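One structure coming up, written as structure tokens, with questions to follow.
The values are calculated or read from the model by the stated rules, or taken from the named source; none is laboratory data. Note that this is a predicted model, so its numbers are computed, not measured. Quick reminder, even Gly has a Cβ in these numbers, built from the backbone with ideal geometry, and neighbours come from all protein chains shown.
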Amino acid sequence: MRVYPEQFADHLKAGLKPCYLIFGDEPLLKLEAIDAIRQLASKQGFDERHSFVVDAGLDWNQVYDACQAMSLFSARQIIELELPAKVDKDLATRITEIGKQLHPDLLLVLSGTRLNQTQMKAAWFDKLGQIGTYVPVNHPEPRFFPRWMGARFQRFGLKAMPDAINFMCHAYEGNLLAASQEIEKLTLLAPPQPISVAYLQETIIRHAHFTPFQLIDCLLEGKVNRAQRILLALRAEGTEPGMLAWALCRELEQLTELALAARAGQPLVEHFSRLRIWQSRQQLIQQALTRLPFGKLQQLWQLMARLDDAQRRFDTEQAWLMLQTIALGFRDATPLPLLEPASC
């Protein structure tokens, strides 16, 4: 069963499942989901909790001993396993074995980073998902972020005007933990309600946090205005232009190779597999290929050459200007005015 974070509190009211799978890249949502499980389990007599980080140094005998300890001490226990990004065959087998040992006095909580479609189709995940609950704890999509922000205000007994909600979304996009902490601080100030943008501007500090990968996804979707905001935030956080240039170069290499394959009439499915492009990203890339003709990709490569030149000369200002220009180029097929359009 799949349950989203905003539904999880109501889901737990129906009682505990034998196991929970908490996977995603948003630390706040992951922490809150696991904490909610712990609190309910504690009320139901799960007095012992054993947490393990699965890595090369883990002693699995300790894990198995913890799973079997109930028969000796008659205690209800929680077993928590934080999994690595890649679950190999050996680890999958161990997880499956632990799943076979589950009973009413043993609660299993697995957590880790975001799963792709292939991982969610794995046998171990499917078996545990049938008897337990999968909670994807990822950052809300931009269109759903205002709803999450509004609910977070209500959670702390606050009301905010719609434009204040949008302001908070822009200020804390990519950093839910900072957003939640800031809203919690507002409760101590007893602000006039509904809270206005003017009040927020006077009282809060912006803490938006992004990664180069979020920037790339925005560009593939053609959301260049949001991409410009991400670039500004990354620069403010001290991100090096070279890191972004590397990510852009890698993405353009894939787009160009796929565009050439499409022009040759070759099916892209085979190329997706060879390039190890996850199914979850294939749709984004196809959107970009539909929007950006081959000639536009050639122009973006010319801009990348200018970016590379700026970095070689340690011209940081020019490097950031080229990054912003390249980002604009992902909007559509229209050639950028800074260069003559490349011939197809």
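Suppose we filter the stretch 225-254 for residues that are under 19 Å from residue 294 (Cα atoms) and either hydrophobic (A, V, I, L, M, F, W, C) or exposed (fewer than 14 other Cβ atoms within 10 Å of the Cβ) (or both); how many remain?
5
Restricting the search to the stretch 1-42, which residues are part of a loop (DSSP other than H, G, I, E, B) and among the aromatic types (Phe, Trp, Tyr)?
Restricting attention to the stretch 1-42, the residues satisfying the condition of being part of a loop (DSSP other than H, G, I, E, B) are 1, 3-4, 13-18, 24-26.
Scanning the stretch 1-42 gives a single hit, 4.
Of all residues in the stretch 277-329, which are assigned to a loop (DSSP other than H, G, I, E, B) and touching a residue at least 60 places away in the same chain (Cβ under 8 Å)?
Of everything in the stretch 277-329, just one residue is assigned to a loop (DSSP other than H, G, I, E, B) and touching a residue at least 60 places away in the same chain (Cβ under 8 Å), namely 278.
Pairs, please: C-beta under 7 Å, at least 6 apart or cross-chain, first residue free of Cβ contacts under 8 Å to residues at least 40 places away in the same chain and in the stretch 18-41, second in a loop (DSSP other than H, G, I, E, B)?
Note: pairs meeting the criteria are 40/16.
Look through the stretch 300-344, keep the residues that are among the polar types (S, T, N, Q) and closer than 20 Å to residue 225 by Cα, and return whichever of them is modelled with the lowest pLDDT.
Only one residue fits best here, namely 334.
Considering only residues that are of a type in the set (A, V, I, L, M) and free of Cβ contacts under 8 Å to residues at least 24 places away in the same chain, look in the stretch 255-276 and name the one that is surrounded by the most Cβ atoms within 10 Å (Cβ to Cβ).
Among those that are of a type in the set (A, V, I, L, M) and free of Cβ contacts under 8 Å to residues at least 24 places away in the same chain, it is 268.
Which residue out of 110, 72 is at pLDDT 90 or above and either under 27 Å from the mean Cα position of the chain (by Cα) or surrounded by fewer than 13 Cβ atoms within 10 Å (Cβ to Cβ) (or both)?
110
So, one more: Keeping to the stretch 154-171, report how many residues are within 22 Å of residue 12 (Cβ to Cβ) and not small (Gly, Ala, Ser). Walk me through how you get there before you give the answer.
Of the residues in the stretch 154-171, the ones within 22 Å of residue 12 (Cβ to Cβ) are 154-157.
Of the ones still in play, those that are also not small (Gly, Ala, Ser) are 154-156.
Qualifying residue count, the stretch 154-171: 3.
Of the residues 45, 24, which single one is surrounded by 16 or more Cβ atoms within 10 Å (Cβ to Cβ), of a type outside the set (A, V, I, L, M) and at positive phi?
The match here is 24.
Hey, could you check the stretch 113-157 for residues that are of a type in the set (Ser, Thr, Tyr) and in contact with a Leu (Cβ under 8 Å, 6 or more places away or on another chain) and say which is surrounded by the fewest Cβ atoms within 10 Å (Cβ to Cβ)?
Going residue by residue through the stretch 113-157, those that are of a type in the set (Ser, Thr, Tyr) are 113, 118, 133-134.
Next cut, in contact with a Leu (Cβ under 8 Å, 6 or more places away or on another chain) only: 133-134.
Details: 133: 21, 134: 19.
Only one residue tops the list, namely 134.
Keeping to the stretch 130-160, report how many residues are part of a loop (DSSP other than H, G, I, E, B) and farther than 27 Å from residue 110 by Cβ.
6
Residues of the stretch 277-301 being closer than 16 Å to residue 247 by Cβ and of a type in the set (Gly, Ala, Ser), which ones?
Hit for the stretch 277-301 is 288, nothing else.
Additional query: Just checking, does the stretch 225-232 include any residue being more than 30 Å from residue 286 (Cβ to Cβ), assigned to a helix (DSSP H, G or I) and more than 16 Å from the chain's Cα centre (by Cα)?
There is no residue in the stretch 225-232 that is more than 30 Å from residue 286 (Cβ to Cβ), assigned to a helix (DSSP H, G or I) and more than 16 Å from the chain's Cα centre (by Cα).
If we only count helices (runs of 4 or more DSSP H) wholly inside the stretch 161-210, which ones have 3 or more residues that are buried (at least 20 other Cβ atoms within 10 Å of the Cβ), at negative phi and of a type in the set (A, V, I, L, M)?
Filter on the stretch 161-210 gives 162-172, 176-189.
A follow-up question, please. What number of residues in the stretch 141-191 are without any contact (Cβ under 8 Å) to a residue 12 or more places away in the chain and either touching a helix residue (DSSP H, G or I) at 6+ places or on another chain (Cβ under 7 Å) or of a type in the set (Asp, Glu) (or both)?
Going through the stretch 141-191 one residue at a time, the tally reaches 1.
May I ask you to list the residues in the stretch 283-297 that are of a type outside the set (A, V, I, L, M) and either surrounded by 15 or more Cβ atoms within 10 Å (Cβ to Cβ) or closer than 14 Å to residue 256 by Cβ (or both)? Step through it out loud before you land on a result.
Of all residues in the stretch 283-297, those of a type outside the set (A, V, I, L, M) come to 283, 286-287, 290-291, 293-296.
Across the stretch 283-297, the qualifying residues are 286, 291, 293, 294, 295, 296.
A further question on this structure: Please state which one of 9, 41 is under 23 Å from residue 148 (Cβ atoms), small (Gly, Ala, Ser) and out of contact with any Gly (no Cβ under 9 Å at 6 or more places or on another chain).
The match here is 9.
With the requirement that a residue be under 24 Å from residue 223 (Cα atoms) and modelled with pLDDT under 90, what does the stretch 263-285 give you?
Restricting attention to the stretch 263-285, the residues satisfying the condition of being under 24 Å from residue 223 (Cα atoms) are 268, 272, 277-285.
Hits for the stretch 263-285 are 268, 272, 277, 278, 279, 280, 281, 282, 283, 284.
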